[in-house]
Structure formats: structure tokens, C-alpha cells
Amino acid sequence: ALVPGLPMFPFLVLAGITGTLARSLRDEKAVLAAINEGVKLDPAAGAPAGGGGGGAGQPAPKGDGANGGPGDKLESLLNIDALQIELGYGLVGLADRNKGGDLLDRVTGVRKTFAQEMGVIVPPIRLRDNLQLEANQYRFLLKGQPVAQGELMPGHWLAMNATNSKVTLKGVPTVEPVFKLPATWVNDVERKNAEISGYTVVDAASVLVTHLTETVKRNCHEILSRQDVQLLLDNLKTTHPTVVTELIPAQLTVGQVQRVLQNLLAEGVSIRNLVGILEKVSDYAHATKNPDELSEFARRALGAQITKGYQDEAGKLRVITLDPKLEQQIAQGVRHTPTEISLMMEPDLARHVMERLSQRVQKMLAEGLPPVVLTAPHLRLPFRRFFETTFSDLAVLSFAEIPPRVEIQNTAVIGATD
């Protein structure tokens with residue numbers, strides 16, 4: 001007996017079970033040792049990105065380097081990934097190609113889509129497991145800080161009732177993580193019933209990738225670093241050298257251009273037309289170095305692009321406008337500094353605008369219309385920033401951005417206070 005007085009057989013059984021579990025976990029975590037285009041997989045499962053060590057929450061082994069090996073450097077521990085996906089152990093199979101997982105390819109597809117649509121090169125995204133998460137939980141980290149999370153059911157399908165079907169599905173009720181819509185996790189058998197009944201049905205990996213896409217879209221202005229901007233400028237310089245050299249460093253710094261591009265991205269405006277943006281900025285850089293003012297001028301060069309996203313099928317732009325007297329009241333609180341534009345508003349005036357704006361926005365959403373406010377050019381940015389926390393999906397456009405051929409239909413006017 002291994003322990004005096006106790007039989008050996010139970011210990012042999014326990015050793016066998018432990019060995020089997022260890023091999024199983026090793027196979028799962030081998031996924032995290034591969035590197036795919038645009039997707040970094042942590043070579044030490046559960047170790048912090050760029051670092052080493054054991055599983056989540058476990059201390060790193062002692063040694064000279066980040067992973068305890070003599071060739072590793074402690075400096076690697078200082079690196080923070082711009083984007084990171086953490087998976088609970090039950091979701092690791094989604095990234096295992098040997099088990100049919102295609103999450104790596106889909107994440108790479110997200111990066112390619114953003115390059116094509118938004119003009120932004122999203123940095124490689126690190127994928128790792130995290131044993132501190134629930135088995136089927138995932139979360140996204142931006143520069144080391146959690147920004148979004150969700151839960152999946154591997155092997156099941158998420159059914160969303162996009163057509164108001166009267167059919168009730170058998171499954172696990174849940175909430176779709178991006179748009180917060182009621183949904184149901186269903187098995188393969190119930191999936192067919194859901195599709196026949198008009199439900200939109202997607203697999204677990206698609207749910208995660210859709211959530212990732214929206215998260216990157218909402219945060220890409222924070223992802224865009226100064227080094228990223230320099231790479232964009234270097235690439236543009238090969239085809240449009242005059243555009244770049246006329247502006248940088250003659251008139252602006254890379255940091256100032258970064259701020260202009262971040263302002264555009266923060267409102268979902270693509271910067272793929274970088275030539276047009278820089279040319280417009282260059283036209284006004286002799287008059288102002290304020291990135292907020294320059295980004296407003298840049299928007300005018302992108303007016304057709306910006307407006308198109310809010311026009312209906314007939315090409316009409318339906319908007320909420322502000323009474324001229326109200327615009328005058330708001331304009332009194334606009335503040336300019338050398339680096340930014342802001343808005344100060346009296347509490348009573350802010351409450352008045354917020355209450356009436358909320359009513360108009362809800363009405364437009366109920367009609368299936370994107371909520372848009374149209375303002376004077378000097379109010380657009382400060383108005384948007386003042387109310388962006390309350391109305392995160394509200395678009396604020398200025399008259400200077402609307403192409404002459406676009407028909408504007410005023411759906412409501414917010415009046416001034418008494």
C-alpha cells in the first residue's frame with residue numbers, strides 16, 4: 001500500500017483518471033500553441049498575453065525570463081495586446097481546427113473586413129483560455145481591460161425571432177449579446193423547426209464573431225495608435241507622396257492627424273478615403289491646429305459617404321432639427337480650446353433638450369428609422385459629445401455635410417425653452 005493501512009487499488013484508479021484528464025486538457029490547450037494570420041494564440045494556455053506562467057490565476061514558474069526559460073526576457077511582460085479574446089475551457093474547441101473549429105479564420109476575416117470597410121488595420125488579436133471564466137463564457141479585452149462579454153452553448157444554435165413568428169421554440173432562453181434581443185439556444189433537431197418558422201439561426205462561433213465585430217467597431221478609435229497612423233501614412237506615401245509631405249511634418253504632427261482620424265472613427269466614419277481626408281485637412285491646417293476643428297472640415301469631404309448610411313430607400317434623409325432660437329441658447333455654452341471643442345449647458349436647458357429628444361428618437365426607432373439630428377455646423381460636434389452617453393446610437397449631422405442633391409425631410413423640431 002502507498003499509505004500504511006490503506007489499499008493500493010483506489011490510488012491506482014485515481015492515478016489513471018488524473019492521467020486521462022491531463023492528456024485531454026493538453027490536447028485542448030494545444031490549440032493555443034498555433035499562430036494564424038492576424039490571430040495570436042497564447043503558447044502557454046492560460047498565461048497572460050505576451051507573458052508566461054501556468055493557468056489563469058497561477059504564478060509563473062521561476063526562471064530568468066517571462067516563461068521561466070533562460071532565453072526569455074522579462075520585458076515581454078510589459079507588452080499589452082490591443083485586443084484579446086478570452087475563452088472559458090468549454091469554448092476552446094471553437095478554435096481547434098482538428099475538431100472542426102473555424103474561429104481563427106473568422107477572426108482573421110474580421111480584420112480583413114475592417115481594413116476594407118473602415119480603412120483601419122486592426123492589430124493581431126490574441127486568443128487565450130481563461131480558467132477563471134465560466135466554462136461557456138467569453139470576453140473581449142481592449143488594452144488589457146474587459147470591454148464586453150457573453151456566453152455560448154457549443155453544439156447549439158442561436159435562434160432569433162426577426163419575423164415576429166408565433167411559434168415557440170424548445171430550448172434555452174437567452175439574450176443575443178450585441179443587440180440585446182430575446183433569443184433561444186436550440187439543438188440540431190429544433191434548428192430545422194426554427195428556420196421553417198422564420199427565425200434567424202446562427203451557430204455559436206457566429207455569435208462570438210458578430211459580438212467581436214461590433215465591439216471593435218465601437219472601440220476602433222481607441223485601437224488606432226500613433227504607430228498605426230504612421231503605417232497608414234507610409235503606405236499612402238508610396239502612391240500620393242505630395243499629399244503626405246505637404247501636411248506632415250510641415251503643418252501637423254502625426255499625433256494631430258491621429259486625433260483627427262480618431263474623431264471620425266468614434267462616430268463610425270470610415271477613413272479609407274485617407275487621401276480625401278488629408279487633402280481637406282491640409283486646406284485648413286494653416287488656419288487651425290485644433291484636431292476637433294480639422295475633423296469637422298474633414299467630414300465635409302466625406303459628406304456623401306456619411307449621409308448615405310442614413311438615407312431611406314428613396315434617398316431621403318429624415319431628420320430631427322433644432323429651432324433656431326434653441327440653437328442660439330445652446331451655442332452660448334460652446335467652448336473652444338487649442339486642442340478640443342466642448343459644450344457646457346445649464347441643467348434646465350439640458351433636461352429640456354434631453355426629454356424632447358428622447359421622445360423624437362423613440363418615435364423614429366419605432367418607425368424603423370435611424371435617429372438623426374441635423375444642426376448648424378458649429379454645434380454638431382459639441383452637441384453630439386454632450387448627448388452621446390445618453391443617446392449612443394444617435395447620429396448628429398450638420399447642414400455643411402449634406403450633399404445638395406440629397407432631399408431632407410424634417411420629422412420633428414425641438415423648440416427652445418420659454
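The values are calculated or read from the model by the stated rules, or taken from the named source; none is laboratory data. Values in this document were obtained by computation on a predicted structure and should not be read as measured data. Cβ placement follows ideal geometry from the backbone for every residue including glycine, while neighbour counts extend to all protein chains displayed.
Before moving on, here are some points about what is shown:
- For Ile121, the stated conditions do not hold, so it cannot be described as modelled with pLDDT under 90, closer than 27 Å to Glu267 by Cβ and not assigned by TED's automatic domain parsing to the domain that holds Leu236.
- Taken over segment 240-267, the criterion of being part of a helix (DSSP H, G or I), of a type in the set (D, E, K, R) and either touching a Lys or Arg at 6+ places or on another chain (Cβ under 6 Å) or surrounded by fewer than 20 Cβ atoms within 10 Å (Cβ to Cβ) (or both) is satisfied by Glu246 alone.
- The single condition among (1) surrounded by 14 or more Cβ atoms within 10 Å (Cβ to Cβ); (2) outside any loop (DSSP other than H, G, I, E, B); (3) touching a residue at least 40 places away in the same chain (Cβ under 8 Å) that Met153 does not meet is (2).
- Criterion (more than 30 Å from Asp228 (Cβ to Cβ) and of a type outside the set (Gly, Ala, Ser)) met by exactly one of Met118, Met160: Met160
- Residues in segment 136-191 that are in the same structural domain as Arg126 (by TED's automatic domain parsing) and basic (Lys, Arg): 2 in all.
- Where a residue in segment 302-323 is within 16 Å of Val361 (Cα to Cα) and its partner, wherever it lies, is hydroxyl-bearing (Ser, Thr, Tyr), with Cβ under 7 Å and at least six apart: Leu317/Thr307; Leu317/Tyr310; Arg318/Thr411; Val319/Thr411; Ile320/Thr411; Leu322/Thr375
- Arg139 falls short of the stated requirement of being among the charged types (D, E, K, R), modelled with pLDDT under 95, in a strand (DSSP E or B) and under 30 Å from Asp81 (Cα atoms).
- Subset of segment 132-150 that is buried (at least 16 other Cβ atoms within 10 Å of the Cβ) and among the small types (Gly, Ala, Ser) - its residue that is farthest from Glu214 (Cα to Cα): Gly150
- Check on Gln84, closer than 30 Å to Leu261 by Cα, buried (at least 22 other Cβ atoms within 10 Å of the Cβ) and under 15 Å from the mean Cα position of the chain (by Cα): yes
- Counting the residues of segment 364-418 that are out of contact with any Ser or Thr (no Cβ under 7 Å at 6 or more places or on another chain), of a type outside the set (S, T, N, Q) and farther than 25 Å from Met345 by Cα gives 10.
- Residue match in segment 268-288 (condition: of a type in the set (D, E, K, R), surrounded by fewer than 19 Cβ atoms within 10 Å (Cβ to Cβ), part of a helix (DSSP H, G or I) and modelled with pLDDT of 95 or more): yes
- Residues satisfying the stated conditions in segment 363-389, i.e. modelled with pLDDT of 95 or more and among the hydroxyl-bearing types (Ser, Thr, Tyr): Thr375
- Any hit, segment 219-239, residues being in a loop (DSSP other than H, G, I, E, B), among the aliphatic types (A, V, I, L, M), in contact (Cβ under 8 Å) with a residue 60 or more places away in the chain and over 30 Å from Arg97 (Cα atoms): yes
- Total residues in segment 103-115, condition farther than 25 Å from Arg272 by Cβ and either surrounded by fewer than 16 Cβ atoms within 10 Å (Cβ to Cβ) or free of Cβ contacts under 8 Å to residues at least 24 places away in the same chain (or both): 0
- Of all residues making up segment 394-404, the number that are part of a loop (DSSP other than H, G, I, E, B) and touching a Phe, Trp or Tyr at 6+ places or on another chain (Cβ under 7 Å): 1
- Only one entry of Val167, Val186, Val172 meets the criterion of being at pLDDT 95 or above, over 23 Å from Tyr89 (Cβ atoms) and out of contact with any Pro (no Cβ under 8 Å at 6 or more places or on another chain), and that entry is Val186.
- Where a residue in segment 405-418 is in contact (Cβ under 8 Å) with a residue 24 or more places away in the chain and under 29 Å from Gly315 (Cβ atoms) and its partner, wherever it lies, is among the acidic types (Asp, Glu) and exposed (fewer than 15 other Cβ atoms within 10 Å of the Cβ), with Cβ under 8 Å and at least six apart: Val413/Asp323; Ile414/Asp323; Gly415/Asp323
- Boolean, Ile414 is farther than 16 Å from Asp323 by Cβ and in contact with a helix residue (DSSP H, G or I) (Cβ under 8 Å, 6 or more places away or on another chain): no
- Answer from Val172, Val186, Val178 - the residue that is surrounded by 12 or more Cβ atoms within 10 Å (Cβ to Cβ) and within 19 Å of the chain's Cα centre (by Cα): Val178
- Any hit, segment 74-88, residues being modelled with pLDDT of 50 or more and touching a Ser or Thr at 6+ places or on another chain (Cβ under 6 Å): no
- Residue match in segment 191-205 (condition: touching a residue at least 60 places away in the same chain (Cβ under 8 Å) and either within 21 Å of the chain's Cα centre (by Cα) or farther than 30 Å from Val244 by Cβ (or both)): yes
- Residue satisfying condition, being among the β-branched types (Val, Ile, Thr) and not in a loop (DSSP other than H, G, I, E, B), within set Val147, Val120: Val147
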